[in-house]
Amino acid sequence: MIDKAALLDQIAADILKKNVCPDLAKTAQRLVMGDGNPDADIIFIGEAPGKKEDETGLPFVGAAGKFLDQMLDAAGMERADVFITSIVKYRPPNNRDPSPAEKAAFLPYLLRQIEVIQPKIIAPLGRHGMEYFLPGVKIGDIHGQVQTIELDGKDIVVMPLFHPAAALYNGRLRQTLIDDFLKVPELISQINRLQK
């Protein structure tokens, strides 16, 4: 039996050992790898930890995280059912956007997380989480729409969603994001039926 939790811990150890993004590591309090079920059907991918995440070592625990929890609840899911992570694993100073070089440095570790978890769905939260999987498209054009990509020789479903923080800044996006989230359980059920 594969110990997925141990494999995920090893990815964190490798980031520390290889000193990935040392400038970010210097200004961050801790590495934020992700949280949730290593056997999750869905993995949510944000951009980078914020202040609260940096303090706690857990992803999506600030205001955007509370909204994420509400949407999971509305869709009949809990954090314990899903896996939540981000591309960049250290908080960028002053919550600035992660740079292309920082995202590129952390990408192999994100891909390893995906390889360990083997989710049925990848749900990028916002454009930073989406751009590797669906390059050259705008989140506003394809949010909530199912895309299939090839990853490591396997087809995987990608369903990009607006970042929960976007709905906090733009009230009009709030219901859109909730509506998109409500599609997730049915999508998981469809994939499960197809895989039987």
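The values are calculated or read from the model by the stated rules, or taken from the named source; none is laboratory data. Worth saying up front: this structure is predicted, and the values here are computed from it rather than measured. Here the Cβ is made from the backbone with ideal geometry for all residues, glycine too, and neighbour counts use every protein chain on show.
Across the stretch 16-37, what is the number of residues that are crowded, with 21+ Cβ neighbours inside 10 Å and β-branched (Val, Ile, Thr)?
Adding up the residues that qualify gives 1.
Got at least one residue in the stretch 90-110 being touching a Leu at 6+ places or on another chain (Cβ under 6 Å), hydrophobic (A, V, I, L, M, F, W, C) and in contact (Cβ under 8 Å) with a residue 60 or more places away in the chain?
No.
Being of a type in the set (Val, Ile, Thr) and under 22 Å from Arg30 (Cβ atoms): is that true of Ile121 here?
In short, no.
Given Ala40, Ala75, which one is at pLDDT below 95 and either among the basic types (Lys, Arg) or surrounded by 15 or more Cβ atoms within 10 Å (Cβ to Cβ) (or both)?
Checking each option against the conditions leaves just Ala75.
Determine which single condition Gly171 fails, assuming it passes every other condition in (1) of a type in the set (Gly, Ala, Ser); (2) touching a Lys or Arg at 6+ places or on another chain (Cβ under 7 Å); (3) over 18 Å from Leu72 (Cα atoms).
Evaluating Gly171 over (1) of a type in the set (Gly, Ala, Ser); (2) touching a Lys or Arg at 6+ places or on another chain (Cβ under 7 Å); (3) over 18 Å from Leu72 (Cα atoms) leaves (2) as the failure.
Can you tell me which residue is farthest from the chain's Cα centre (by Cα) among those in the stretch 1-22 that are among the aliphatic types (A, V, I, L, M), assigned to a helix (DSSP H, G or I) and closer than 13 Å to Glu115 by Cβ?
Taking the candidates together, the pick is Leu7.
So if I check each of Ile114, Ile87, Ile122, which one is closer than 21 Å to Ala12 by Cα, surrounded by 14 or more Cβ atoms within 10 Å (Cβ to Cβ) and in contact with a His (Cβ under 8 Å, 6 or more places away or on another chain)?
When all the criteria are applied, what remains is Ile87.
Go through the residues of the stretch 154-172 one by one and say whether even a single one is aromatic (Phe, Trp, Tyr), modelled with pLDDT of 90 or more, in a helix (DSSP H, G or I) and over 24 Å from Ala104 (Cβ atoms).
no
Restricting the search to the stretch 46-83, which residues are touching a strand residue (DSSP E or B) at 6+ places or on another chain (Cβ under 6 Å) and β-branched (Val, Ile, Thr)?
Val82, the sole residue that qualifies.
Would you mind telling me which numbered condition in (1) within 26 Å of Leu168 (Cα to Cα); (2) modelled with pLDDT of 95 or more; (3) over 14 Å from the mean Cα position of the chain (by Cα) Ala101 fails?
(1)
Within the stretch 155-166, is even one residue surrounded by 11 or more Cβ atoms within 10 Å (Cβ to Cβ), of a type in the set (Phe, Trp, Tyr) and closer than 18 Å to Lys103 by Cβ?
no
Just to confirm my filter: which helices (runs of 4 or more DSSP H) fall fully inside the stretch 48-151 and include at least 3 residues that are touching a helix residue (DSSP H, G or I) at 6+ places or on another chain (Cβ under 8 Å) and within 25 Å of Ala6 (Cα to Cα)?
100-117
Criterion first (surrounded by 16 or more Cβ atoms within 10 Å (Cβ to Cβ), in contact with a Leu (Cβ under 8 Å, 6 or more places away or on another chain) and of a type in the set (D, E, K, R)) does Glu53 satisfy it?
Spelling it out, it is not the case that Glu53 is surrounded by 16 or more Cβ atoms within 10 Å (Cβ to Cβ), in contact with a Leu (Cβ under 8 Å, 6 or more places away or on another chain) and of a type in the set (D, E, K, R).
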